[in-house]
Amino acid sequence: MVLNQIKNNQLEPRITLLGAGPGDPDLISLKGVKALQSADVVLYDALVNEALLNHAPEKAIKIFVGNRTGDEAFSQQAVNQLMVDYALNYGHVVRLKSGDPFVFARGYEEVDFAESYSIETSIIPGISSATGVPGLHKIPMIYRELSESFWVLSGVNTRGEISADLTGAAKSDATVVVLMGIEKIREIAEVFKKEGKERLPVAVIENGSTVDEHILVGVVDTIAELVEDHKISSPALLVFGNVVSLHPSFNRIRDFYAILADA
């Protein structure tokens with residue numbers, strides 16, 4: 001009956017991958033809101049602010065496909081198939097993903113799978129936590145002589161090991177943003193210490209842009225202890241680089257090391 005209804009209404013299956021931003025529902029784009037308003041089905045992730053679902057029609061089907069518990073029902077393969085099945089049977093599916101769909105969010109895999117069924121797809125970028133969350137705290141990625149470039153990388157690879165790219169990033173003078181690395185903060189800090197960067201400024205931002213946000217500012221040498229003392233946990237990102245020294249909280253750390261140098 002559903003398929004006949006779609007045919008009669010001349011609805012075409014289509015999928016929109018939509019970036020929800022880092023957490024604050026007001027950070028979604030106007031184009032993203034319009035996509036939700038036209039959705040027949042919304043598949044949303046664990047880190048998506050559910051207030052965004054209010055933009056979708058009341059009759060739209062809303063399905064949580066988060067994966068905080070590792071439930072196989074929410075594996076990537078299962079999500080891909082759900083996305084296609086709902087598009088074929090209901091019309092417009094909005095795949096609502098936290099941050100940006102193409103920044104550590106497996107967006108391309110979902111597009112590729114959908115297009116293998118000849119389903120029309122479109123992408124609406126979102127604000128990535130990697131740049132948006134530090135920016136909310138006035139920490140730039142690039143600033144004059146402090147940094148001329150930036151890296152964004154995952155703290156661990158698919159095997160749960162420290163990313164090999166981290167060594168190259170630590171050798172550079174660039175701003176380094178590490179996602180999904182808070183559980184490995186001690187090992188990550190060691191990578192920077194091996195490059196003689198014990199006093200490099202670091203920011204750790206938990207639940208960025210949300211009401212539960214928490215930021216710590218320190219240096220490589222002691223950041224792991226700070227994270228443990230304050231019980232910071234995922235989701236959190238790490239920002240390594242001299243640009244972190246622009247954050248007002250770093251002034252007291254700078255003063256502390258100046259006192260030590262004079263002692």
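The values are calculated or read from the model by the stated rules, or taken from the named source; none is laboratory data. These figures come from a predicted structure and were not determined experimentally. Heads up, the Cβs are rebuilt from the backbone with ideal geometry, glycines too, and the neighbour counts pull from every protein chain shown. Protein only, heavy atoms only, side chains kept; ligands, DNA and RNA dropped before computing areas. Shrake-Rupley method; radii C 1.70, N 1.55, O 1.52, S 1.80 Å.
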Requested in this report: For region 10-43, name all the residues that are assigned to a strand (DSSP E or B) and either open to solvent by 30 Å² or more (accessible area, probe 1.4 Å) or aromatic (Phe, Trp, Tyr) (or both).
Outcome: Arg14
Requested in this report: Mind listing whichever residues of region 186-200 are part of a helix (DSSP H, G or I) and open to solvent by 10 Å² or more (accessible area, probe 1.4 Å)?
Outcome: Arg186, Glu187, Glu190, Val191, Lys193
Query - Residue count for region 99-111, restricted to those that are touching a helix residue (DSSP H, G or I) at 6+ places or on another chain (Cβ under 9 Å), on the phi < 0 side of the Ramachandran plot and not in a loop (DSSP other than H, G, I, E, B) - result: 2
Query raised in the report: Given the residues Glu145, Glu72, which is the only one that is closer than 30 Å to Asp173 by Cβ and modelled with pLDDT under 95?
Result: Glu145
Query raised in the report: Taking only pairs six or more apart or across chains, which ones have beta-carbon atoms under 7 Å, a first residue in region 192-212 that is closer than 12 Å to Thr222 by Cα, and a second residue that is open to solvent by 40 Å² or more (accessible area, probe 1.4 Å) and modelled with pLDDT under 95?
Result: Arg199/Tyr257
Requested in this report: Kindly provide the set of residues from region 151-185 that are part of a loop (DSSP other than H, G, I, E, B) and over 13 Å from Phe104 (Cα atoms), ordered by number.
Outcome: Arg159, Gly160, Glu161, Ser163, Ala164, Ser172, Asp173, Ala174
Query raised in the report: Looking at region 132-168, which of its residues are open to solvent by 60 Å² or more (accessible area, probe 1.4 Å), within 21 Å of Asp24 (Cα to Cα) and touching a strand residue (DSSP E or B) at 6+ places or on another chain (Cβ under 9 Å)?
Result: Leu136
Requested in this report: Name, by its number, the condition in (1) open to solvent by less than 10 Å² (accessible area, probe 1.4 Å); (2) assigned to a strand (DSSP E or B) that does not hold for Ser122.
Outcome: (1)
